[in-house]
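Working notes, structure below.
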Amino acid sequence: MHLTNDEQDILSGMRGEGLRTAMEIAVKMGELYGARRLLPVKNAHIDAASYTTIWDAGTEFIEYLVSNGAKVAVPTTINPVARDIENWKSMGLSKEFSEKSRRLEDAYISMGVIPTWTCAPYQCTGAPAFGEILAWSESNAVNYANSVLGARANRIPDLIDVCCAVIGRVPEYGLYITENRAGDILFRLEGFDESWFCDAVDYAVLGYFIGEISIQRNPVIEGLPEKTTNDQLKALSAALASGGATALFHAVKLTPEARTLEDAFQSKTGYEITKVTPGNLIDTKDKLTTAAKGKADMVLLGCPHFSFDEIREVRDMFKGRKVASATKFWIMTSMIMYDLAVRAGVAHDLLDAGVEFIRDTCLMVSDTDKDWGFKTIITNSGKAAQYITGLYDMDVAVKSTPECVDIAIRGEW
Ligand code: F3S
C-alpha cells in the first residue's frame with residue numbers, strides 16, 4: 001500500500017506508540033482488502049463502545065492506546081455503552097458491571113471522543129455531507145450514511161474503527177470506490193396499498209426480508225412512497241444490515257444516488273429482479289415473531305435509538321392512557337434526544353404514563369449475562385427482534401408502533 005511521508009513517520013513510531021499501533025493495524029487491514037492507499041476522513045463513529053462487545057481484552061486495548069498517547073484525530077462520536085450512565089441502578093445492573101462500563105467510558109473520553117453514546121449519531125451531532133469519506137462502524141449508521149446521506153463508509157470492524165479514528169484515515173476499499181456503490185439486485189414492491197409503509201415496522205420487516213436475500217449485495221428498492229421519513233429509512237437501514245450484511249441500499253427517487261433506476265445501477269443492465277408483495281412481509285413478520293400470545297412483559301422501542309420526533313409520536317399515541325402495571329415500557333434513546341424530550345414536556349408525559357427512558361445504552365448491548373426477568377418482548381424493530389432472540393432466552397413479537405402502545409396498555413397481546 002502506498003503511504004505518504006507523514007503516514008510512514010507515524011508507522012515508524014516517530015509520533016508515539018499509540019499512533020504507531022493504530023496505524024499498523026489500519027494498514028494491515030488495508031493490505032488484507034487490497035487497498036492502494038489511505039484516505040483522510042472528516043469524522044469517525046466508533047462501534048466498540050459497550051463492555052459486552054469488547055470485554056476486558058478490548059478495554060485493555062483502548063487503555064493501552066490512551067496510555068501511549070493516542071487521541072482521536074477527527075471529531076468522533078460513539079455508540080451506546082453498556083449502561084444508562086445516570087440510571088444504571090434502576091436498570092438493575094450490578095455495581096461491579098457498572099464499573100466495568102465506566103472504566104471503558106473513561107478511556108474513550110480520555111481519547112477525546114464526543115460522548116454521544118448513541119447508534120444514531122446522524123440524528124444527534126449533524127449528518128455527514130454527500131460524498132464525505134467517513135471512518136464509521138455500527139451497521140445501521142454505516143448503512144444510513146451510505147444510502148440516505150450519500151456519504152461513503154465501510155463497516156469497519158470493532159477496535160479497528162478506533163484505530164481509524166486515531167489516525168484520521170481509512171484504507172481505500174469497498175464502498176469508498178464509486179463503482180462498488182452500484183446496485184446489484186432490484187426489489188420491486190408490488191400490490192401495496194396506502195395502509196402500508198406508514199409505520200417503522202413495515203420498513204423494518206421489508207429490510208429484514210431484503211437483507212436475507214441480498215446478503216452482501218447492494219439492493220435497489222423500487223416503489224417506496226415518496227413521503228417516507230428519515231426515521232423510517234433508519235428502521236430500514238438497521239434491518240437490512242441485520243437481516244443480511246447490507247452496507248448500502250438505494251431507494252429509487254428517495255436516496256441521493258438513485259434519482260432514477262438507471263442511476264442506482266450506474267447504468268448496469270441484466271441484474272436480478274425480485275418482486276416483493278404484502279404476503280412476503282406478512283410471512284417475514286410472522287417468522288420474526290417467536291412469542292406465543294399472552295402476557296407482554298415488556299414493550300421495547302428505540303432500536304436504533306429513537307429520535308425526538310419518534311418520542312413525541314409515541315407520546316401522542318398514549319392519549320392520556322397508562323402502561324399496565326405488570327408490563328415494562330422502555331424507550332431507548334440518546335441523552336441528547338432525551339434532553340429535547342424533557343425540554344418539550346414530552347418526557348414528563350411519557351414518564352407519567354409509566355414509560356421508562358433508557359439512555360446511552362440498549363437492552364442488546366447491556367449486561368447480556370443478566371436475568372432481566374422478561375420473557376416476552378414486543379417491539380417494532382427487526383434488528384431488536386433478531387438480536388434479542390439470539391442473545392437472551394426471550395421471545396419477541398414484532399408489531400407496529402401504535403400496536404406496541406396498545407399492547408402495553410392492555411398488558412397482553
Ligand atoms: Fe442501537 Fe442497540 Fe439497536 S446499539 S441499533 S439500539 S441493538
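Hey, what's the chain come to in accessible area per residue, 1.4 Å probe, Å²?
On a per-residue basis, 40 Å².
Taking every pair of alpha-carbon atoms in the range 264-319, give the share separated by more than 14 Å as a whole percent.
In whole percent, the share of Cα-Cα pairs in the range 264-319 beyond 14 Å is 77.
Only beta bridges with both residues in the chain are counted; by DSSP, about 10 percent of them are antiparallel.
Treating each Cα of the range 153-219 as an identical point scatterer and ignoring solvent, apply the Debye formula and state log10 I(q)/I(0) at q = 0.14 Å⁻¹. Each listed q corresponds, in turn, to -0.65.
In this structure, the residue pairs whose Cα-Cα separation is over 19 Å, taken from Lys100/Lys383; Lys295/Lys322; Lys95/Lys370, are Lys100/Lys383. The per residue volume of the convex hull around the alpha-carbon atoms of the range 344-413 is 111 Å³. The translational diffusion coefficient of the range 182-286, from Stokes-Einstein at 25 °C and 0.890 mPa s with a Kirkwood hydrodynamic radius over alpha carbon pairs, comes to 183 µm²/s. With coordinates expressed along the principal axes, the C-alpha atoms belonging to the chain extend over 65, 58, 37 Å, beginning with the largest.
What is the Å³ per residue value for the convex hull set by the Cα atoms of the range 115-166?
Looking at the range 115-166, the number lands at 77 Å³ per residue.
For the range 1-121, the alpha-carbon coordinates run over 52, 28, 23 Å along the three principal axes, in decreasing order. Averaged over residues, the count of other Cβ atoms within 10 Å places the peptides 99-105, 79-85 in the sequence 79-85, 99-105, highest first.
Between the amide H of Val299 and those of Lys328, Phe329, Trp330, Ile378, distances stay under 5 Å, these residues lying 5 or more places away or on another chain, with hydrogens modeled in the peptide plane.
Per-residue packing, averaged as other Cβ atoms within 10 Å, sorts the ranges 116-129, 266-279 into the order 116-129, 266-279, beginning with the highest.
Looking at the range 289-410, send over the antiparallel percent of its DSSP beta bridges, to the nearest 5. Provide the component values of the computation, followed by the final result.
Working: 0 of 16 bridges.
Once the DSSP bridges in the range 289-410 are tallied, antiparallel ones form about 0 percent.
Convex hull volume per residue, computed on the Cα atoms of the range 97-197, equals 163 Å³. In a reduced charge model with +1 at each Lys and Arg Cβ and -1 at each Asp and Glu Cβ, the range 1-116 shows a dipole moment near 200 debye about its Cα centre. The range 289-410 gives an Rg/Rh value of 0.94, both radii derived from C-alpha positions and Rh following Kirkwood.
Considering only Ser195, Trp413, Pro278, the residue lying farthest towards the positive end of the dipole of the chain is Ser195, judged by Cα position with unit charges set on Cβ.
Distances between placed amide hydrogens fall under 5 Å for Asn43 paired with Ala135, all partners being 5 or more residues away or on another chain. Among 299-306, 364-371, 234-241, 401-408, the peptide with the highest mean count of other Cβ atoms within 10 Å heads the list, and the full ranking is 234-241, 299-306, 401-408, 364-371. So which lysines can Lys227 reach, going by Cα to Cα under 22 Å and dropping same-chain residues fewer than 8 places off? Qualifying lysines at Cα under 22 Å: Lys253, Lys275, Lys399. Simple point charges give the picture: +1 on the Cβ of Lys and Arg, -1 on the Cβ of Asp and Glu, and for the chain a dipole about the Cα centre of about 200 debye. Which one of Cys124, Gly382, Ala353 is farthest out on the positive end of the charge dipole of the chain, using unit charges on Cβ (Lys, Arg +1; Asp, Glu -1) and the Cα centre as origin? Value computed over the given set: Ala353.
The values are calculated or read from the model by the stated rules, or taken from the named source; none is laboratory data. Please read these numbers as outputs of a predicted model, since none were measured by experiment. When we count neighbours, we look across all protein chains shown, and the Cβ atoms used for this are built from the backbone with ideal geometry, even at glycine. Heads up: the accessible areas ignore ligands, DNA and RNA and are worked out on the full protein's heavy atoms, side chains in. Shrake-Rupley method; radii C 1.70, N 1.55, O 1.52, S 1.80 Å.
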